[in-house]
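Only the coordinates and a few stated rules stand behind these numbers; no lab work does. These numbers were taken from a predicted model, which means no experiment stands behind them. Backbone-built Cβ (ideal geometry, glycine too); neighbour counts: all protein chains shown.
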């Protein structure tokens, strides 16, 4: 679905990271946790390609969808310059998102850096469904804990890890998850963040026999399957290799479907 969504607000929450709120009841009604929008950041030709940006939060009552993104190039720099009252050309919601199995009662969500953005929508849905939600939030330092306040308001069981030890556990989210799994039984793990983090989480989950879903959104480029930049290798149950486009078949996959050795 293509639409022009009204920009309600945009603000820089920490240097280089922006929170963008759009009005679109159609998107809100269709969106699922883990999906993304394909955003035209400039005019029709500059930049030529849209940018895939994950959906961060949904407000069904107000009909508002929130994007949390980082400025990394010319396109997102143009997007950061847009103001409230302007309209934004977007396609979506797109992609295969997270699923919450009915039998999963205790859920652990692990977000590293900007990877925490799409997990907030999932936390919203899980809390509403009555799940017990533990959120492990990781960042390089306390300054870059992007969604801490929102998660605290949501009421999830929040644990924090920072690389420099400025807040919470001094270390990474993989180590934090390993400690949690020693003490507690978990039905489902969902994660988004850097590849090395996802690899560690997936291996922990597979070793303990816990269902695990991972968002590989970090690999997406064009967002429509044209550039082939997001192709990832996986394995079928019979051991044969598979190759899938993250933007079309994902960005969310079962951890067991991904070949973490390549």
Point-to-point label distance, residue 175-residue 152, nm (Cα→Cβ direction, 7 Å offset): 2.4
On Cα atoms only, tilt of 116-128 relative to the major axis of the chain in degrees: 70
Nearest 10 degrees, 0 to 90: helix 195-208 Cα axis against the chain principal axis: 40
Helix 173-183 vs. the chain, principal-axis angle (Cα, 0 to 90°, nearest 10): 40
Percentage relative contact order, the chain, counting C-alpha pairs under 8 Å, at least six apart: 17
Relative contact order computed over the stretch 2-94 (Cα-Cα under 8 Å; 6+ residues apart), in percent: 42
For the chain, built as a Gaussian network whose Cα springs stay under 10 Å, the top-fluctuating residue of 25, 240, 124: 240
Convex hull volume of the stretch 26-77 per residue (C-alpha atoms, cubic angstrom): 87
Two-decimal ratio, the stretch 30-176, of alpha-carbon radius of gyration to 2.2 N^0.38 Å: 1.12
Net length gained if the chain between residue 185 and residue 261 were fully extended (0.36 nm per residue, minus Cα distance): 24.7 nm
Normalised contact order of the stretch 28-162, rounded percent, pairs of Cα under 8 Å and 6 or more residues apart: 24
Radius ratio Rg over Rh of the chain, counting only Cα atoms, Kirkwood formula for Rh: 0.95
The chain: most fluctuating residue of 175, 211, 241 per GNM, C-alpha cutoff 10 Å: 241
Mean projected area (nm²) of the alpha-carbon convex hull when the stretch 107-191 is viewed from all directions: 4.8
Fewest-first ranking of 195, 249, 61, 96, using other Cβ atoms within 10 Å as the exposure measure: 61, 195, 96, 249
Rh (Kirkwood; distinct C-alpha pairs) - the stretch 2-94, Å: 13.0
